[in-house]
Amino acid sequence: MTVKLSSAALTHLPPGVTGPAYQRSDLSAGIVHIGVGNFHRAHQAVYLDDLFNAGADHDWAIVGAGVRETDIAMREKLAEQDWLTTVVEQEADATSARVTGAMIDFVKPFDVASTLGLLARPAIRIVSLTVTEGGYYISPATQHFDPTHPDIVHDARNADAPQTAFGLIVAGLRSRRSAGVAPFTVMSCDNIPGNGHVTENAAAGLAELVDPELARWIRAHVAFPNSMVDRITPATTDRERTILRDQYGLEDTWPVFCEEFRQWVVEDKFPAGRPALEKVGVTFTSDVAPYELMKIRILNGGHAAIAYPAGLLDIHFAHEAMEDQQIADFLATLTRRETIPVVPPPPKVDLEAYRKKVAERFANPKIGDTISRLCFDGSNRQPKFVLPTVRDRLKAGASIKGLALVSALWCRYCYGESESGKTIPPNDPNWDRLQAAAKPARQNPAAFLAMRDIFGDLAESPAYVEAFSGALSAVWAKGVRATLADYLAMKT
């Protein structure tokens, strides 16, 4: 006997599944979240659910919004279960399930009038985003906002009918300014260095194309706090739905499975007010940068380090990659040897202990995080998670052999064929372009580095060109195993 998730089911959830301790009818909206995906529902929504369970701040519930075709399906599935989500936390030795109720509505994607009407409400004091790294219209090489992107050009010309998250935000801010309503705070929850600054530059950059005076007002009056977010949250498949049904007796059309660990560090800059999330484990600080740098370079960079060799060796899950002793040793050695020396530790944080915890999280066998997910969107992730560490190492005159090898393995992956000859399906928004560069790079590694929007000035660095070219040539000549073995045998 199974129970289908809905508001009515909250009174008789199956044994082992907890539900909200508050009356959802008592909640009112204070946050609009653009980009309702698995990570948001496993992270921000869980923290708010904890806060509501503690009896606090019931005027900060979430209303979802979206600007992509995939948001339509998400809204339809969540509507079927009254915006509720089952979150299953999985560790090697324990599993728990809870139903969260922090979301109370979800405006229809592409319904611009309804979305702008929502953003105009004075009760909406925060607009948050998880739109992935590619959703901020950043040039990979310069890491600056790209005003020439076709989506941005469209919204600049159609300011009253925007199609992007930033078009909606700018239109919403313009409306509030005209009505004399205080602006909402815009809070990024994406894995981007300086995500608050990046968000401000995207919003003000688009506004500049529409109305320079509005752009100046946004920079002067709208808060864009930086934040660091962390929780490993795989995509939902039939595997997760089946586990939830068979082990817990609950049917959820789009449950979220994740690890137990979660972290959220936020710059305390909310002039319009904020929920008291410090009561449920969120760290508010004046400087997020050290936490962010640590996480992006050690965890996100570490994901790249295990993903591409694993992908080339036909390994399916992240925990299986960590069970491969050579890949696990590569991650540990690379992180200790090349990454940690250029990561300033946040206050009271032991970087070696953090590294060990990251490796432990990667090895969690219950998460089911796929290697293909970790390999996805390398054209956006490499310039954010790997190449900045390379630049810092080069400035210090230090070795970059392992970091160059990570990017060389990515290039070999983009060739589109694993070492066994299996086809690697397209796994990047720029896959055709990456393949077109990776094919000739087999004989001429410089062909891959010629993508200047990704590699930037590194393509002109003799030390980097030599390291990358040597690594890629070795991977093709000797294979992944022998190349990793050579790196691990190095003394420094």
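Bear in mind that the values in this text are calculations on the coordinates, not laboratory data. Everything quoted here is computed from the prediction, not taken from an experiment. Virtual Cβ from ideal backbone geometry, glycine too; neighbours counted across all protein chains shown.
Rank by packing, highest mean first: peptides 64-71, 443-450, with packing defined as the count of other Cβ atoms within 10 Å averaged across residues. The partial results should precede the final answer.
Numbers: 64-71: 19.8, 443-450: 17.2.
The densest-packed peptide leads the list: 64-71, 443-450.
Once the Cβ-Cβ distance of residue 463 and residue 261 is raised to the sixth power relative to R0 = 41 Å, the FRET efficiency obtained is 0.65.
Taking other Cβ atoms within 10 Å as a rough exposure proxy, 379, 399, 188 sort from fewest to most as 399, 379, 188. Here the label points at residue 352 and residue 488, each 7 Å from Cα along the C-beta direction, are separated by 2.1 nm in the simple model. When each of 12, 144 is scored by the number of other beta-carbon atoms lying within 10 Å, the sequence from fewest to most is 12, 144.
Of all DSSP bridge pairs formed entirely within the stretch 3-285, close to 30 percent run antiparallel.
Using the rule -39500 (n - 2.57) for each DSSP H run of four or more residues, divided by the residues of the chain, the 222 nm mean residue ellipticity is -12500 deg cm²/dmol.
Which FRET efficiency, nearest 0.05, do residue 452 and residue 8 yield, Cβ-Cβ r, R0 60 Å?
Between residue 452 and residue 8 the formula returns 0.60.
Using the Cβ-Cβ distance between residue 417 and residue 178 with R0 set to 56 Å, the FRET efficiency works out to roughly 0.50. Of all DSSP-defined beta bridges confined to the chain, some 35% are antiparallel rather than parallel.
Excluding same-chain neighbours fewer than eight residues apart, the aspartates and glutamates reachable from residue 77 by a Cα-Cα span under 18 Å are 69, 105, 111, 238, 240, 251, 252. Relative to the longest principal axis of the Cα atoms of the chain, the long axis of helix 69-80 lies at roughly 50 degrees. Using a simple spin-label model with pseudo-atoms 7 Å out from Cα toward Cβ, residue 246 and residue 28 lie 4.6 nm apart.
Between rounded, prolate and oblate, where does the stretch 90-145 land on the alpha carbon gyration tensor, with a ≥ b ≥ c its root eigenvalues, rounded for a/c under 1.5, else prolate if a/b exceeds b/c? Oblate, since a/c reaches 1.5 and b/c is not below a/b.
If you rank 327, 72, 34 by fewest surrounding Cβ atoms within 10 Å, what's the result?
Numbers: 327 23, 72 13, 34 27.
Listing 327, 72, 34 from fewest to most nearby Cβ atoms yields 72, 327, 34.
One chain, two ends: residue 211 and residue 113. Fully extended at 0.36 nm per residue, the span grows by 33.2 nm beyond their Cα-Cα distance. Here the gap between residue 235 and residue 219, fully extended at 0.36 nm per residue and compared with their Cα-Cα distance, gives a gain of 2.2 nm. Straight-line reach from residue 357: taking Cα to Cα under 27 Å and skipping same-chain neighbours fewer than 8 places apart, the lysines in range are 279, 295, 348, 366, 384, 401, 491. One chain, two ends: residue 197 and residue 56. Fully extended at 0.36 nm per residue, the span grows by 47.8 nm beyond their Cα-Cα distance.
Under the rule a/c < 1.5 gives rounded, and otherwise a/b versus b/c splits prolate from oblate, where does the stretch 289-489 land using the Cα gyration tensor? It is oblate, given that a/c is not under 1.5 and a/b is not larger than b/c.
Cα gyration tensor of the stretch 3-285, axes a ≥ b ≥ c as square roots of the eigenvalues: rounded (a/c below 1.5), prolate (a/b > b/c) or oblate? Since a/c reaches 1.5 and a/b is larger than b/c, the shape of the stretch 3-285 is classed as prolate.
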